[in-house]
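Reviewing the structure listed below.
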There are 4 protein chains.
Amino acid sequence: MAEDFVFEDTVRIYDTDAQGVVHYAGYYRFFTDAAENFMRETLGISYPLLDNDTWFVVVESKAQYKKSARLGDNLSVVLRPKKLSRKALRFDFQILRNGELICDGYITQVAINKKEWKAVELPKVLLQKIDML
Amino acid sequence: MAEDFVFEDTVRIYDTDAQGVVHYAGYYRFFTDAAENFMRETLGISYPLLDNDTWFVVVESKAQYKKSARLGDNLSVVLRPKKLSRKALRFDFQILRNGELICDGYITQVAINKKEWKAVELPKVLLQKIDML
Amino acid sequence: MAEDFVFEDTVRIYDTDAQGVVHYAGYYRFFTDAAENFMRETLGISYPLLDNDTWFVVVESKAQYKKSARLGDNLSVVLRPKKLSRKALRFDFQILRNGELICDGYITQVAINKKEWKAVELPKVLLQKIDML
Amino acid sequence: MAEDFVFEDTVRIYDTDAQGVVHYAGYYRFFTDAAENFMRETLGISYPLLDNDTWFVVVESKAQYKKSARLGDNLSVVLRPKKLSRKALRFDFQILRNGELICDGYITQVAINKKEWKAVELPKVLLQKIDML
């Protein structure tokens with residue numbers, strides 16, 4: 001059975017707002033950092049780069065907030081990639097604190113040629129990595 | 001017939017990223033600013049405050065990206081509030097550039113007593129304002 | 001005598017952190033927004049663009065925090081431009097709340113040709129505007 | 001001779017702007033993250049917390065930008081603490097890429113009792129740690 005890709009992070013002061021908890025839009029930083037780590041491990045390149053000519057562009061994002069995370073909380077961000085088509089990929093995320101679900105959501109992205117800004121196929125090495133998970 | 005609440009804004013340099021367009025999570029700034037203007041006009045208080053004892057906490061956020069917004073683009077953010085229950089309210093957003101849809105989405109929020117962090121009923125003046133829209 | 005350029009803004013929830021006040025790095029948003037408004041009025045173009053070929057790049061930033069600004073505070077950002085050379089310009093800022101100084105600081109920037117990433121002279125129309133202030 | 005405290009980080013997509021490089025205010029994230037790591041190692045508590053009753057509040061920040069950092073760049077952030085008084089501490093930072101200086105600057109902070117928002121003395125364990133560096 002597949003193993004999840006897990007990224008560990010800590011709530012920083014700039015993630016929080018005057019409600020004393022992580023700002024709702026701030027959770028997308030954890031999604032982005034997990035995606036960046038997954039892509040670096042898979043392709044050796046910095047998200048949202050796929051290769052020198054190809055970018056991911058995000059076409060949808062969603063988050064559901066179950067519990068409030070606070071300054072200094074240690075969070076585990078679980079990433080599960082899901083191939084939607086030859087050109088589109090969704091990353092599903094679960095953010096856990098001590099095993100308890102804090103937030104889940106996803107970002108959906110399409111591969112494009114960055115000069116022409118047109119959809120292209122996902123790199124094979126990425127698809128192979130996803131099949132192995 | 002109801003009129004929409006519209007908030008005008010401009011894409012700033014800090015909204016963009018190295019792809020040359022607004023960062024996907026940056027669109028939530030436009031959502032937040034429109035909500036803040038709507039709430040200020042309705043309750044005379046700064047979002048996410050509802051009154052001195054009551055806060056909105058966001059329980060869900062979503063955005064779909066149709067076109068890419070760039071530095072200096074003038075955007076119209078249309079806000080439509082939707083009462084989900086006596087305690088929960090959704091703001092639906094459409095972001096337009098020259099009448100063309102760039103992005104849509106929503107944030108769903110629940111009123112809470114900020115000391116006890118427990119759900120409470122939405123202020124009547126807010127519900128009345130929403131009924132009038 | 002010269003008139004100051006003044007930009008009005010409000011503290012938003014995303015400007016604040018869990019200390020209940022504006023995050024120290026968040027004050028640079030107010031500096032940037034004032035610069036953006038000044039440049040739009042002067043050159044009709046979005047900061048940090050100077051014209052289609054020319055960008056400002058920031059080479060120094062500084063802020064001193066005197067008082068803490070809170071959610072919903074109405075702030076006046078006073079901008080005073082200072083020509084340092086034919087290629088470099090400093091914007092001095094004072095952020096006031098009800099006439100009281102909250103924060104002051106500056107950003108220093110150099111005009112560059114954005115393709116060659118080399119310093120060039122500031123646009124004449126900008127220098128003329130600054131002389132008139 | 002004292003050893004420097006060094007924190008390693010990577011430029012993420014949200015650090016950059018449409019100029020293709022790290023946004024000037026974005027470098028303060030690297031300063032904050034280095035401070036957070038230093039304080040965690042020293043006091044075992046999340047910056048800007050000093051202990052349960054005491055916070056750091058930033059009273060000054062400055063950065064000078066020498067070179068432009070880009071997406072994926074691996075940065076070393078060197079932190080050197082400097083005691084200014086019994087209540088105030090400055091962190092000096094140098095951000096290096098492959099040994100080359102990209103940016104330097106500092107943040108100065110004062111310890112306060114977070115309920116009374118009044119200056120208090122720095123914790124002894126922190127001062128001892130600084131003397132050892």
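The values are calculated or read from the model by the stated rules, or taken from the named source; none is laboratory data. Remember, predicted model here, so these are calculated numbers, not experimental data. Note: ideal-geometry Cβ built from the backbone for every residue, glycine included; neighbour counts use all protein chains shown.
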*Examine the stretch B:35-56 for a residue that is under 22 Å from C:Ala35 (Cα atoms), among the hydrophobic types (A, V, I, L, M, F, W, C), in contact with a strand residue (DSSP E or B) (Cβ under 7 Å, 6 or more places away or on another chain) and modelled with pLDDT of 95 or more, and state whether such a residue exists.*
no
_Within the stretch A:94-110, tally of residues that are away from every other protein chain (no Cβ under 13 Å) and either surrounded by 16 or more Cβ atoms within 10 Å (Cβ to Cβ) or under 18 Å from B:Tyr65 (Cβ atoms) (or both)_ = 4
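Please determine, by comparing only the residues of the stretch A:1-34 that are over 30 Å from B:Leu50 (Cβ atoms) and aliphatic (A, V, I, L, M), which one is modelled with the lowest pLDDT.
A:Met1
May I ask you to list the residues in the stretch A:7-24 that are among the hydrophobic types (A, V, I, L, M, F, W, C) and under 13 Å from A:Ala69 (Cβ atoms)?
Of the stretch A:7-24, the ones among the hydrophobic types (A, V, I, L, M, F, W, C) are A:7, A:11, A:13, A:18, A:21-22.
Within the stretch A:7-24, A:Val11, A:Ile13, A:Val21, A:Val22 meet the criteria.
Restricting the stretch C:56-76 to residues that are touching a Leu at 6+ places or on another chain (Cβ under 8 Å) and buried (at least 21 other Cβ atoms within 10 Å of the Cβ), which is farthest from the other protein chains (Cβ to nearest Cβ)?
The initial filter retains those residues of the stretch C:56-76 that are touching a Leu at 6+ places or on another chain (Cβ under 8 Å), namely C:56, C:66-67, C:69, C:71-72, C:75-76.
Now restrict to residues that are buried (at least 21 other Cβ atoms within 10 Å of the Cβ): C:56, C:69, C:71, C:75.
Values: C:Phe56: 9, C:Ala69: 11, C:Leu71: 5, C:Leu75: 13 Å.
Among those residues, the one meeting the criterion is C:Leu75.
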*A:Ala25 is checked against (1) buried (at least 23 other Cβ atoms within 10 Å of the Cβ); (2) among the hydrophobic types (A, V, I, L, M, F, W, C); (3) facing another protein chain (nearest Cβ under 9 Å); (4) in a strand (DSSP E or B) and fails just one. What number does that condition carry?*
(4)
_Residue satisfying all of: in the stretch B:79-93; hydrophobic (A, V, I, L, M, F, W, C) and out of contact with any Cys (no Cβ under 9 Å at 6 or more places or on another chain); surrounded by the fewest Cβ atoms within 10 Å (Cβ to Cβ) among these_ = B:Leu84
*Residue check, D:Gln19 buried (at least 16 other Cβ atoms within 10 Å of the Cβ), assigned to a loop (DSSP other than H, G, I, E, B) and away from chain A (no Cβ under 14 Å)*: yes
*Go through C:Asp9, C:Asp4 for me and flag whichever is more than 14 Å from chain B (Cβ to nearest Cβ) and surrounded by fewer than 23 Cβ atoms within 10 Å (Cβ to Cβ).*
C:Asp4
*Being touching a Lys or Arg at 6+ places or on another chain (Cβ under 7 Å), charged (D, E, K, R) and touching a residue at least 60 places away in the same chain (Cβ under 8 Å) narrows it down to one of D:Asp33, D:Asp53, so name that one.*
D:Asp53
*Is at least one residue of the stretch B:32-48 part of a helix (DSSP H, G or I), of a type in the set (Ser, Thr, Tyr) and within 11 Å of another protein chain (Cβ to nearest Cβ)?*
yes
